[in-house]
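Data first, discussion second: the structure below is written as structure tokens.
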Amino acid sequence: MNLYVAGAAFLGAGVEFTEALTIFLAVALTKGARTAWTGAALAVVVLAALVAIIGYPLVHVVQLPVVQLVVGLIMLLFGMRWLRKAMLRASGYRALHDEEAAFAKELDRQRQSGQRGAGIDGFGAMTTFNGVFLEGLEAVFIVITVGLSAQALSSAIYGSVAALVVIVLLGVALRKPLKAVPENAMKYVVGVMLSSFGTFWAGEGMGVKWWDKDVSLLFVALFFLIVSLIATAVLKAGRGDVSKSVGVGH
Amino acid sequence: MKAIRVIVGLVYDDPWLFGGTLVALLVAKFLLVIGVAGVAVGGLLALLLFAAILVSIAREVRAKKV
């Protein structure tokens, strides 16, 4: 078990599952559990098919340097975007993602779409499908790329399944959106992990010979973490609004 | 449609970040082709990629301050 990979997959998928749960709960409460489960189950089936279509050739057909480059690029695109967004949120230039506000908005949207009927509500099911599919798609990309890059796909799968179990159990137990989940801090950490993995594998795919593989990866991750923390602190100071400087560490 | 937007969004959400990433990778590849040592190129690649993030953040911050 590669704990670094499992941890990255756990955090990355956890953020996505938390957002999907908010939509699922809003639909379940307004349009019934059957409607919510129908949309979610359909999304899971489509995602599973996508994993097979994308994952199989990456694992069995495409040559390793090509896989490294493609996977590295995808990780960079996701990771740098997440890191950038997390830095902006942590420094107060963007509002933190508010699960309660998202939940209230979705509840309102569902209520406006009509009363709850006896059968499955098409609008509600489609909303759950969209939510679970889109958030799940990002989770799938994270699991496949992190897993393949470190040649530890099973560790990435275990990490994401653990995240799914934790989020679902919390959702079932609390029956409300998980606003206490430190989404920005999780996004920050995963952003650093994906960016460093992406740099490493895209470089390797292009022909960079890193000095002692694992040690280099650690240095790259430390570089992204330290420099991003310094940049976030500078941004906070430049903004001059300490009261809104929340996110990392919460 | 939304799924396509998520994937394409990686590019069009922030063209400066995407462009900066591409430039960093192209520069790294060029340096490798002309024979610069791999370790140096790797370090420079990490620097350039982070610079792309900073440029993208600076543009957003400046737009919000104006």
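Details
- Of the criteria (1) charged (D, E, K, R); (2) away from every other protein chain (no Cβ under 14 Å); (3) touching a helix residue (DSSP H, G or I) at 6+ places or on another chain (Cβ under 6 Å), which one A:Arg109 fails: (3)
- Filter pass, A:Glu106 being under 29 Å from B:Ala51 (Cα atoms) and of a type in the set (Asp, Glu): no
- Candidate set from the stretch A:69-93 (those that are part of a loop (DSSP other than H, G, I, E, B) and more than 8 Å from chain B (Cβ to nearest Cβ)); member that is farthest from A:Ser149 (Cα to Cα): A:Gly92
Table: residues versus (1) in a helix (DSSP H, G or I); (2) touching a helix residue (DSSP H, G or I) at 6+ places or on another chain (Cβ under 9 Å); (3) modelled with pLDDT under 85.
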position: A:Leu21; (1), (2), (3): yes, yes, no
position: A:Thr30; (1), (2), (3): yes, yes, yes
position: A:Ala43; (1), (2), (3): yes, yes, no
position: A:Ala49; (1), (2), (3): yes, no, no
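- Screening the stretch B:41-63 for residues that are under 12 Å from A:Ala231 (Cβ atoms) and facing chain A (nearest Cβ under 8 Å) and picking the one that is surrounded by the fewest Cβ atoms within 10 Å (Cβ to Cβ) gives B:Val61.
- A:Gly12 vs. criteria more than 28 Å from A:Ala185 (Cβ to Cβ) and buried (at least 18 other Cβ atoms within 10 Å of the Cβ): no
- Test: residue in the stretch A:39-51 that is away from every other protein chain (no Cβ under 14 Å), of a type in the set (A, V, I, L, M, F, W, C) and within 19 Å of A:Phe103 (Cα to Cα): yes
- Residue ID - surrounded by the most Cβ atoms within 10 Å (Cβ to Cβ), chosen from residues in the stretch A:70-79 that are under 17 Å from the mean Cα position of the chain (by Cα) and farther than 19 Å from B:Ala51 by Cβ: A:Val71
- Residue match in the stretch A:16-30 (condition: closer than 16 Å to A:Phe141 by Cβ and of a type in the set (Val, Ile, Thr)): no
- Candidate set from the stretch A:220-250 (those that are part of a loop (DSSP other than H, G, I, E, B) and within 13 Å of chain B (Cβ to nearest Cβ)); member that is modelled with the highest pLDDT: A:Gly240
- Considering only residues in the stretch A:179-219 that are β-branched (Val, Ile, Thr) and either within 19 Å of the chain's Cα centre (by Cα) or within 25 Å of A:Ala163 (Cα to Cα) (or both), the one that is farthest from the other protein chains (Cβ to nearest Cβ) turns out to be A:Val181.
- Residue check, A:Gly124 surrounded by 15 or more Cβ atoms within 10 Å (Cβ to Cβ), assigned to a helix (DSSP H, G or I) and away from every other protein chain (no Cβ under 14 Å): yes
Here's the yes/no breakdown for (1) in contact with a Pro (Cβ under 8 Å, 6 or more places away or on another chain); (2) surrounded by fewer than 24 Cβ atoms within 10 Å (Cβ to Cβ):
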residue	(1), (2)
A:Phe17	no, no
A:Leu21	yes, no
A:Leu29	no, yes
A:Gly32	no, yes
A:Ala36	no, no
A:Gly39	no, no
A:Leu42	no, yes
A:Val46	no, yes
A:Leu50	no, yes
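- If only residues of the stretch B:25-40 that are more than 7 Å from every other protein chain (Cβ to nearest Cβ) and in contact with a helix residue (DSSP H, G or I) (Cβ under 7 Å, 6 or more places away or on another chain) are counted, the one that is surrounded by the most Cβ atoms within 10 Å (Cβ to Cβ) is B:Leu31.
- Scanning the stretch A:80-121 for residues that are in contact (Cβ under 8 Å) with a residue 24 or more places away in the chain, of a type in the set (Asp, Glu) and surrounded by fewer than 17 Cβ atoms within 10 Å (Cβ to Cβ) returns A:Asp98, A:Glu100.
The values are calculated or read from the model by the stated rules, or taken from the named source; none is laboratory data. If you're wondering where the values come from, they're calculated on a predicted model, not measured in any experiment. Virtual Cβ from ideal backbone geometry, glycine too; neighbours counted across all protein chains shown.
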